[in-house]
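A quick write-up on the structure given underneath.
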Amino acid sequence: MLIRAFYISRSAGPQTSTITGSILKTALVFNKVHQITGVLCQGTGFFLQMLEGERAVVNQLYGRILRDSRHKDVEMVSLHEISQRKFSHWSMALIDLSDTDPMVMMQHPEFDPYSASSELLSQQIDEWVVSGKPIRN
C-alpha cells in the first residue's frame, strides 16, 4: 500500500548547505534502496517534506526523522493512501527557498507552515515545483 506523508520541522541549528547536503546524501541512499520518492523544501529555518512509498517503510523513515537531532518541532501535516506517486522521478528533490522567494521575503506574511492548512501547504509545494524553483535530485 502506497502512502504520502507530509511533515514540517524546524532546523535544530544553523541551516547550512552542509547540513542540508548531509540530509540529502542520507536520503538519496536510503530512498533509492527502499523505493521512497519525495521532495524536501528548505526555507529560512524550516523544512517541508513529502515522502511517498510503502506504508511500513515511510513510517519507519518518519520515526528516524523524529529522532534526528537536525530536526525539531516535527509535525505531521497529512498522511494518506495514494494510488500513484506525485514525485516518481525523484528519490529526493530539493526545493531551496532562497531569500528572494516572495513567500520568504514576507510579501505573504500570513505564510506560516505551522498554522497553514495541509491543503495550502500542498498547493504551495505544487506551485514551487511547477514554477521551476531550483530542484536537485
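The values are calculated or read from the model by the stated rules, or taken from the named source; none is laboratory data. What you are looking at is a predicted structure, and each value in this text was computed from that prediction instead of being measured. Neighbour counts run over all protein chains shown; Cβ positions are idealised from the backbone, glycine included. Note: accessible area is taken over every heavy atom of the protein model, side chains too, but ligands, DNA and RNA are not part of it. Shrake-Rupley method; radii C 1.70, N 1.55, O 1.52, S 1.80 Å.
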Somewhere in the stretch 99-106, is a residue under 24 Å from ALA12 (Cα atoms) and either touching a strand residue (DSSP E or B) at 6+ places or on another chain (Cβ under 9 Å) or modelled with pLDDT of 90 or more (or both)?
no
Single unsatisfied condition, VAL74 versus (1) assigned to a strand (DSSP E or B); (2) at pLDDT below 95
(2)
Hits in the stretch 3-49 (condition: touching a strand residue (DSSP E or B) at 6+ places or on another chain (Cβ under 6 Å) and open to solvent by 20 Å² or more (accessible area, probe 1.4 Å)):
ARG4, ARG10, ALA12, GLN35, GLN42, GLY45, PHE46
Which count do you get for residues in the stretch 47-60 that are over 11 Å from the mean Cα position of the chain (by Cα) and either at pLDDT below 95 or among the polar types (S, T, N, Q) (or both)?
2
